[in-house]
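Here the structure comes first, spelled out in structure tokens, and everything after it is commentary.
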Amino acid sequence: MPELPEAEVICRQLRANLLGSTITCIHLDREDIIRSGLVNRSWYQGATILAIHRIGKCLLWTCAKPPEHRYILVELGMTGSVLFNPAAHGLSTHVHAKIMLEGCRQSCVYYWNPRRFGGIHLLTPTEWETWKPRRDGVDPLTITRHEFHQLIQASRGRIKNLLMNQRKVAGLGNIYTNELLFRAGIHPHARSCQLSPAKVDRLFTAMQTILRKAIACHGSTIRDFRRPDGSSGRYQRYHTVYQKAGAPCPHGCGSTIRRVITDRSSFYCPVCQPLE
Ligand SMILES: [Zn+2]
């Protein structure tokens, strides 16, 4: 968390507010939040923000100072966001970087990240090409049904591990993976290549439905996810199994939701998601 829906929500709000603006300064409250490219920092002064894209759970800003362009890669980690006015929402404590701007509605945006997993990378085009393979999995919102079938059939590991491997599928984390496996009726420990075509179909449909609805609800706020304007998401109200251990199965099968801890907690219904 934040996962794909939260990153997409942040990305859309930043795009609506920051495109075309000029960076006047990158101010750092702690230099180690720049995970790579600190020496590039002064280049960004006077650069225009041309584009903001989501790459999995990260944000990639394209900045131009003709004839050159460079990137700001923002990792959201476990708790990160980019905020317009953290002080107004009592969130000033964990701001680690400020990007000062001209020519848009915001004079400054703040990189906020309480647990400091993840950080910011200031990258030349060559450095971006080197960084990219770390998160070059397919995007769940753009992969086709056919490509999804091929991806699942090619993996011998557990389906949940495959979905959360950012080099295979970029953007899913523990919350949405648990939710979409429940929706599709697939046990988290099922072997990917042994899933029937009908189950893979259900999984693909569940992935599209859940992620799009979560984006429409502005993401899930479990503890501390905030949109740039400081507002919270609402999709946590629709969670069916995540952190619901002991609760009755929402399908009404009579069982209760179980939690099994491997490397991350899995939540599932033993009746609706049998391990065949
Ligand atoms: Zn059930």
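Tabulated data
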read-out	value
Qualifying residue in the stretch 55-68 (condition: closer than 23 Å to HIS94 by Cβ, at pLDDT 95 or above and touching a Cys at 6+ places or on another chain (Cβ under 7 Å))	yes
Scan of the stretch 201-223 for residues that are in contact (Cβ under 8 Å) with a residue 40 or more places away in the chain and assigned to a helix (DSSP H, G or I), ordered by number	ASP201, LEU203, PHE204, MET207, GLN208, LEU211, ARG212, ALA214, ILE215
Count - residues of the stretch 217-254 that are more than 16 Å from the ligand (Cβ to nearest atom) and not acidic (Asp, Glu)	21
Matching residues in the stretch 136-152 - criterion: being in contact with a Lys or Arg (Cβ under 7 Å, 6 or more places away or on another chain) and either closer than 15 Å to ALA7 by Cβ or polar (S, T, N, Q) (or both)	GLY137
Condition check for ALA198: in a helix (DSSP H, G or I), modelled with pLDDT of 95 or more and within 16 Å of the ligand (Cβ to nearest atom)	no
Among (1) in a loop (DSSP other than H, G, I, E, B); (2) within 15 Å of the ligand (Cβ to nearest atom); (3) under 26 Å from GLY137 (Cα atoms) - the single one GLN166 does not satisfy	(2)
The lone exception for ASN40 - which of (1) crowded, with 21+ Cβ neighbours inside 10 Å; (2) within 15 Å of LEU123 (Cβ to Cβ) it fails	(1)
Whichever residue in the stretch 109-146 is in a strand (DSSP E or B) and of a type in the set (Val, Ile, Thr) and, among such residues, is surrounded by the most Cβ atoms within 10 Å (Cβ to Cβ)	ILE120
Count - residues of the stretch 43-98 that are under 27 Å from ALA170 (Cα atoms) and either loosely packed, with under 15 Cβ neighbours inside 10 Å or of a type in the set (A, V, I, L, M, F, W, C) (or both)	22
The stretch 126-154 residues that are closer than 17 Å to ARG202 by Cβ, paired with ones that are surrounded by 12 or more Cβ atoms within 10 Å (Cβ to Cβ) and of a type in the set (Gly, Ala, Ser) (beta carbon under 6 Å, 6 or more apart)	PRO140/GLY171; ILE152/SER192
Some residue of the stretch 204-219 being in contact with a helix residue (DSSP H, G or I) (Cβ under 6 Å, 6 or more places away or on another chain) and loosely packed, with under 14 Cβ neighbours inside 10 Å	no
Candidate set from the stretch 255-276 (those that are outside any loop (DSSP other than H, G, I, E, B) and touching a residue at least 40 places away in the same chain (Cβ under 8 Å)); member that is farthest from the ligand (Cβ to nearest atom)	SER265
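The values are calculated or read from the model by the stated rules, or taken from the named source; none is laboratory data. Note that the structure is predicted; figures quoted are calculated from it, not measured. Cβ sites come from the backbone with ideal geometry, for glycine too, and all protein chains shown count toward neighbours.
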